[in-house]
Amino acid sequence: MREQLDQLRDQIQRVYLGSPEPIDMLLCTLFARGHALLEDVPGVGKTLLASSLAKSVDTPFSRIQLTPDMLPADLLGVSIISPDTHETRFQRGPIFASIVLADEINRTTPRTQSALLEAMSEGFVSIDGQRHELPHPFMVVATQNPNDFIGTYPLPENQLDRFLMRISLGYPSAEAEQDLLEIRPAQTILESLAPVIHAEDVVNIQKQVDQVHLSEPVRHYIVNIARTTRDSDQIDVGLSPRGSLALAHASRSRAWIMGRDYVEPDDVYDLLVPVCAHRLVIGGPSTGVQWARAAELLTELAQSIKVPT
């Protein structure tokens, strides 16, 4: 599995020529059974990164281009009455895939955004009083443009809280951008990608991540960070217990990716911003500026907390 992990990382890096850090964060999210929110300006490779991950894993994949006129049924599916037997049959929507790319999630209405809540938090979809189980593994990779762009609907706090990580890609280096102009990976490499890891392998890795040891001092460290955000005068709503759980499980996943069966404090500290910053409320709707401010506050608060040795 370590060899498969290296193949998976290398294949995605062939297509996405930006920093390798978002790739590791995306893999960390997948192995932690989480969902990822990729946010940045258009054209930096958000969709390319998500698509390269989906093509590298041997699982069903669906891409949903979210628009303002999209309805929840367009995501989840509808019940159809057969004209011959007059029986009701459920026609599954694109959400019934192992990896779902929800492109430009903040361009659709809050009603459609909320249709993802049950699927992301419980792995089920309820239609006409019946629950339909989603496949295993299941991961939503959503992309969004900054909320100050025209035609966007900011995600509410309870929706943001369902994403394990919120990842900003940033611009590629000058050298990587020159390579991008030459090889044009979206046109040449992406279509030729073949799966290097199977769904069963991903599920096995997820089970191994569950067994990664989280010692009492590290648990105490996570709780101290969460309680410090709640007591801060500069933060309206601090990290919830769900946020603490997310930070702990993401740290387990990172430790496994780094080749360890135990979590170090550095795993927790390095994941603070992508896992926790979007869960904090510091006044007003969530925007890129407030997320940056939340990241600064998190870093400052964490530096004031004693790190276990």
Check: Going toward the positive end of the dipole of the range 1-208, with +1 on Lys and Arg Cβ and -1 on Asp and Glu Cβ, which of VAL196, HIS132, ASN145 do you reach last?
Finding: HIS132
Item checked: Share, in percent, of DSSP beta bridges within the range 16-169 that are antiparallel, nearest 5 -> 35
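Where does the chain land at 222 nm, in deg cm²/dmol rounded to the nearest 500, when only DSSP H runs of n ≥ 4 count, each adding -39500 (n - 2.57), divided by all residues?
Numbers: 15 runs with 143 residues, N = 309.
Only helices count here, giving -13500 deg cm²/dmol.
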Item checked: Hz values of 3J(HN,Hα) by residue in the range 171-179 - Karplus curve (6.51, -1.76, 1.60), Gly and Pro given as x -> 7, x, 5, 4, 5, 5, 5, 5, 5
Notebook entry, point to check: When THR108, THR309, THR188 are ordered from fewest to most other Cβ atoms inside 10 Å of their Cβ, what list results?
Noted result: THR309, THR188, THR108
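Among 23-33, 80-90, 201-211, 265-275, what's the highest-first ranking by average C-beta atoms within 10 angstrom per residue?
On the way: 23-33: 23.6, 80-90: 9.0, 201-211: 16.0, 265-275: 21.4.
Descending mean neighbour count gives 23-33, 265-275, 201-211, 80-90.
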Item checked: Cβ-based charge dipole, the range 211-309, positive-most Cα from ILE282, LEU301, LEU214 -> LEU214
Note to self: Using the crude model of +1 on Lys and Arg Cβ and -1 on Asp and Glu Cβ, and no other charge, please compute the dipole size for the range 164-309 relative to its Cα centre, in debye to 20.
What the structure shows: 600
Item checked: Where the Cα pairs of the range 147-206 fall when distances are cut into 10 Å bins, in % -> 15, 21, 33, 31, 1
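Could you compute the net charge surrounding LEU193? Neighbours are other residues with a C-beta less than 9 Å from the C-beta of LEU193; K and R count +1, D and E count -1. Please list the in-between numbers first.
Details: positive: ARG14, LYS55; negative: GLU191.
Charge balance in the 9 Å sphere: +1.
In the range 129-216, which chymotrypsin sites (Phe, Trp or Tyr not before Pro) are in a loop and have at most 16 other Cβ atoms within 10 Å, using DSSP for the loop call?
Working: sites: PHE138, PHE149, PHE163; in loops: PHE138, PHE149, PHE163.
Loop-located and lightly packed - PHE149.
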Notebook entry, point to check: Can you give me the relative contact order of the range 1-208 as a percent, contacts being Cα pairs under 8 Å and 6 or more apart?
Noted result: 34
Note to self: If you take every DSSP beta bridge fully contained in the chain, what fraction is antiparallel? Give it as a percent rounded to 5.
What the structure shows: 35
Margin query: Is there a quick way to get the dipole size of the chain? I mean about its Cα centre, with the Cβ of Lys and Arg at +1 and of Asp and Glu at -1; what is the value in debye to the nearest 20?
Written below: 480
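No value in this document is a laboratory result; all are computed from the given coordinates. Quantities reported herein were computed from a predicted structural model and do not represent experimental measurements. Counting neighbours? That spans all protein chains shown, and the Cβs are built from the backbone with ideal geometry, glycine included.
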